[in-house]
1. Using the Kirkwood formula on the Cα atoms of the chain, what hydrodynamic radius do you get, in angstrom to one decimal?
2. Let me know the charge dipole size of the chain about its Cα centre in debye, to the nearest 20, where only the beta-carbon of Lys, Arg (+1) and Asp, Glu (-1) is charged.
3. Starting from the 7 Å offset along Cα-to-Cβ, what nm value, one decimal, do you get for the label separation of residue 185 and residue 320?
4. Pairs 100/276; 183/250; 183/214; 97/276; 131/268; 7/214: which are spaced more than 28 Å apart, C-alpha to C-alpha?
5. Which residues among the stretch 220-248 fall inside the zone where the amide N is under 14 Å from a point 7 Å beyond the Cα of residue 331, along Cα→Cβ?
6. Report the percentage of all Cα-Cα pairs in the stretch 160-312 whose separation exceeds 21 Å, rounded to a whole percent.
7. Pick from 308, 20, 30: which residue has the top mean-square fluctuation in a GNM of the chain where Cα pairs under 10 Å get a spring?
8. Using only the alpha-carbon atoms of the stretch 1-144, report the extent along each of the three principal axes, biggest first, to the nearest angstrom.
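The values are calculated or read from the model by the stated rules, or taken from the named source; none is laboratory data. Bear in mind the structure is a predicted one, so any value in this text is a computation, not a measurement. Here the Cβ positions follow ideal geometry from the backbone for every residue, glycine too, while neighbour counts run over all protein chains shown. When the accessible area is computed, the model is the full protein with side chains, heavy atoms only, and any ligands, DNA or RNA have been set aside. Shrake-Rupley method; radii C 1.70, N 1.55, O 1.52, S 1.80 Å.
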Amino acid sequence: MRLATLKTQAPDGRLVVVNDALTLCQPVPDIAPTLQVALDDWARCAPLLRDVALALQSGTARHAQPFDASACHAPLPRAYQWADGSAYINHVELVRKARKADMPASFYTDPLMYQGGSDSFIGPFDAIVAKESWGIDFEAEVAVITGEVPLGATLAQAAQAIRLVLLVNDVSLRHLIPAELAKGFGFFQSKPASAFSPVALTPDALGTAWRDHKLHRPLQVEVNGQRFGHPNAGVDMTFDFAQLIVHAAKTRRLAAGTIIGSGTVSNKQGGLWGSKVEHGGVGYACIAEVRTYETIEQGEAVTPFLRDGDVVEISMHDEHGQSLFGSIRNRVQALPE
């Protein structure tokens, strides 16, 4: 089952069910006007939404309309909670090396996680608005949306709470991060609004690509139409989504509609730091990683952070080449310095 949210004047948009080809959709106001309403009453809503999905697939849906991903907001335009992990240790090693920070041994056994702003995400085709001097970067990730998760949840409870899977562009302002982290109080200004894929899928819709609470497909990343990376989201993921949810729920109950991110997808590619696409590697899912790689291999970073007008596109396809989530396509709109 595939779900999306169309933009409306209301902040939470309009929930629609989308067909597998991402060409048709149907609003479902009689079932749930918004995705949050559906998540709050999932036991009742999910079977009804699946009936609509089946009707769309069979061509019998009575109120089908063309699906336009550019008209979408994030599946959850605002969420009760957005907690982003860092499940790919290769990424942590690289970005910490760039900051000349040590890698504590505990990072390999205890997930990193920060709580991001969730009051107003940007849509999959919306602009990234920031100053170039802030070091604008993208981070291509996978995320899950949960149902209610009890405090102290077990791995089994966490896994059962996964309702939907989607993609993320977790925007980072790299030049603001060092000073902010030096205060010892975590990210805030350096993490502006994130963007999410137009479509979110139930895990069963991913077939065998969803196993071990991980999504085993390459994540396609392009910058200005040029391939930047295609790391596999199921490879080198130290902590799976059930483990990340357990970590988040250790001391608190998670409300239905909580979004848990994987952190930047990052593959070692058989080496210590990976390799660029043009060098035969799978590339990277953020600029910070490739800049660290360049510094290690060449003595200096040469890839610039994003500039005014640059376009980042993030997507994922099934084994037949069909887009799973639709594309995130964010253009940079630089603020004046």
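1. 20.1 Å
2. About 420 debye.
3. So the label points at residue 185 and residue 320 sit 5.3 nm apart.
4. Check vs 28 Å cut-off fails for 183/214; 131/268; 7/214.
5. 224-225
6. The proportion of pairs with Cα distances above 21 Å equals 54 percent.
7. Top of the fluctuation ranking is 30.
8. So the extents along the principal axes, rounded to whole Å, are 59, 36, 27.
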